[in-house]
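Read through the structure below, which is laid out as structure tokens, and then see the notes.
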Amino acid sequence: MDGTDDDFAVKVLKPEFFHAARVQREIQGLQRFEHPGIVRLFEVRTITLGTESRTALVCEYIEGGSVHDALKAGRLPTKKQAKKFARGLLEAVAELHASETIHRDIKPANIMLRDGDWAKPVLIDFGLARSLSDKTFTRYPARVGSLLWMSPEQLSAERARKASDIWACGVVLHSVVSGEHPFVDMAALDQLDEDELYDLFTVPPKPLPDSAPKSLARLVSRFLTAEPLYSRGTAQRAVTDLKGK
């Protein structure tokens, strides 16, 4: 990185939420990715803040805002943009899964839109990512991820799988197309606990609007299947399906 004029984003992790050794090992594994839909991780550093050592992730800076920002502003994609967004997101997830890596926290706030373009989604924030080939530091049962975007198995405090990332993609795609969460009335969110969320997530999602692209509606329906997990399919299969449309 030295001697460059590039902009960087630096995220300092809170020690109470992240095991430093786990982050060092798992995030360093992501440095090998060179994919337009995956944020470039340049370096993992240990820095000192006061008397504490903290892990800092040095990543590329992505201009354009997140999917969360776009949804909050009511800026939904067109049909064509939505299909390009879905393909870009799923290509990035397929790249991760091909290397036996899972993200575990796919949600609108963790997907940037490069230059504000729906056709250029970029996955960020790999603080919870892990390699399936390595020993995990997480002690199960444990809920890992963000509640509204967790799969039913994650809400049950089970180990996350590739299928858990696929579920999260389904929730994101539904939200992007419809402008609302597929299961939860956000106005009543504060009144729900984890067990109630699980009950909501194991029933069919809200229907997508009739104007939704049929190819995406089929994907969302498949992705948001609580059981069996294999029925959600894979990211690569979904990319292939979208290419054929």
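The values are calculated or read from the model by the stated rules, or taken from the named source; none is laboratory data. Note that the coordinates shown come from a computational prediction; the quantities given were computed from them, not determined experimentally. With ideal geometry, Cβ positions are generated from the backbone for all residues, glycine too; neighbour counts draw on all protein chains shown.
Worth pointing out:
- Of the residues making up region 100-122, those that are modelled with pLDDT under 95 and either out of contact with any Ser or Thr (no Cβ under 8 Å at 6 or more places or on another chain) or charged (D, E, K, R) (or both) are E100, H103, R104, D105.
- Test: K214 is free of Cβ contacts under 8 Å to residues at least 60 places away in the same chain, of a type in the set (D, E, K, R) and touching an Asp or Glu at 6+ places or on another chain (Cβ under 8 Å): no
- Long-range neighbours under 6 Å by Cβ, at least six apart or interchain, first residue in the same structural domain as A163 (by TED's automatic domain parsing) within region 225-243, second assigned to a loop (DSSP other than H, G, I, E, B): A226/T202; S231/T225; R232/T225
- Considering only residues in region 26-51 that are charged (D, E, K, R) and under 20 Å from the mean Cα position of the chain (by Cα), the one that is modelled with the lowest pLDDT turns out to be E26.
- Taking the criterion of being more than 17 Å from A160 (Cβ to Cβ) and surrounded by 24 or more Cβ atoms within 10 Å (Cβ to Cβ), the residues of region 93-112 that qualify are I111, M112.
- Subset of region 58-92 (residues that are within 15 Å of the chain's Cα centre (by Cα) and either modelled with pLDDT under 95 or among the aromatic types (F, W, Y) (or both)): F85
- Only a single item in (1) assigned to a loop (DSSP other than H, G, I, E, B); (2) at pLDDT 95 or above is not met by G127, and it is number (2).
- Residue list for region 203-234, filter: under 13 Å from L173 (Cα atoms) and of a type in the set (A, V, I, L, M): L208, A212, L216, A217, L219, V220, L224
- Of the criteria (1) under 16 Å from the mean Cα position of the chain (by Cα); (2) in a helix (DSSP H, G or I); (3) of a type outside the set (V, I, T), which one L197 fails: (1)
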